[in-house]
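So the structure is just underneath, and the comments pick up after that.
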Amino acid sequence: MRVFKIAAMFCIALVLVACSDPKPILRTDLPKATSLVLYKAERLMLLLQGNTVLKEYDFKLGFAPIGHKQFEGDGKTPEGQYFIDRKNSNSQFHLSVGISYPNAADRRAAGMRSPGGDIFIHGTPRPYRFFFKDWTWGCVAVSNREIEEIYAMVDIGTPIWIYP
């Protein structure tokens, strides 16, 4: 009976650990990127230091990934030059870095409609989970391990170019 109790307690502890959302690891051992380049069609993100590629990542986009974001709720990811304008260590998607969309041209192009906003590079909503298809509302999604690296490697003000 005692062995059964010990085994049951061990199983319960394993379940609790597996269901918990671990705190992100904020790394300081990685070099700083001076720019980011995203190729939407290839789902390829490059973190650069000058002309040197530091890291490459695959990513997922919004549910309607083709074309430039035009208005709130269209499921598209913006295209053009932007900047990293904020970092969120308490994101519901593990960690996130904000992209400075919309700029003045995006607001003009949206006309009377809201251009949207809150476009981020972020992780996933649950630990150890990555999606096989595009699923965001216009953000760029990577794995939680990858956003930990990206979060550490980019600073606010880092330029980002997003290509079709």
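The values are calculated or read from the model by the stated rules, or taken from the named source; none is laboratory data. Not measured: the values here are computed from a predicted model. Here Cβ is always computed from backbone atoms with ideal geometry, including for glycine, and neighbour counts include all displayed protein chains.
In the range 140-149, the condition of being of a type in the set (S, T, N, Q), in contact with a strand residue (DSSP E or B) (Cβ under 8 Å, 6 or more places away or on another chain) and surrounded by 15 or more Cβ atoms within 10 Å (Cβ to Cβ) is met by no residue. The residue that is surrounded by the fewest Cβ atoms within 10 Å (Cβ to Cβ), counting only those in the range 67-81 that are of a type in the set (Gly, Ala, Ser) and more than 16 Å from TRP161 (Cα to Cα), is GLY73.
Could you list, in sequence order, all residues of the range 50-66 that are over 12 Å from SER35 (Cα atoms) and either crowded, with 16+ Cβ neighbours inside 10 Å or within 14 Å of the chain's Cα centre (by Cα) (or both)? Selection gives GLU56, TYR57, ASP58, PHE59, LYS60, LEU61, GLY62, PRO65.
Based on this model, can you work out whether GLY116 counts as in contact with a Lys or Arg (Cβ under 6 Å, 6 or more places away or on another chain), among the small types (Gly, Ala, Ser) and either more than 12 Å from LYS60 (Cβ to Cβ) or part of a loop (DSSP other than H, G, I, E, B) (or both)? No. Per the conditions (1) closer than 21 Å to ALA109 by Cα; (2) not in a strand (DSSP E or B), the sole criterion not satisfied by GLN81 is (2). The number of residues in the range 35-85 being at positive phi and at pLDDT 95 or above comes to 3.
Only residues that are under 17 Å from GLY123 (Cα atoms) and touching a helix residue (DSSP H, G or I) at 6+ places or on another chain (Cβ under 6 Å) were counted across the range 60-96, and they come to 2. With the structure loaded, tell me whether TYR101 is in contact with a Ser or Thr (Cβ under 7 Å, 6 or more places away or on another chain), at pLDDT 90 or above and closer than 23 Å to SER35 by Cβ or whether it fails that test. It is false that TYR101 is in contact with a Ser or Thr (Cβ under 7 Å, 6 or more places away or on another chain), at pLDDT 90 or above and closer than 23 Å to SER35 by Cβ.
The residue pairs whose first member lies in the range 82-109 and is crowded, with 18+ Cβ neighbours inside 10 Å, whose second member is in a strand (DSSP E or B) and of a type in the set (Lys, Arg), and whose beta carbons are closer than 8 Å, counting only pairs six or more residues apart or on different chains, are LEU95/LYS87; SER96/LYS87; VAL97/ARG86; VAL97/LYS87; GLY98/ARG86; GLY98/LYS87.
Across the range 150-164, the number of residues qualifying as surrounded by fewer than 16 Cβ atoms within 10 Å (Cβ to Cβ), of a type in the set (Ser, Thr, Tyr) and part of a loop (DSSP other than H, G, I, E, B) comes to 0. State the number of residues belonging to the range 35-83 that are polar (S, T, N, Q) and under 15 Å from ILE99 (Cβ atoms). Residues that pass the stated criteria total 3.
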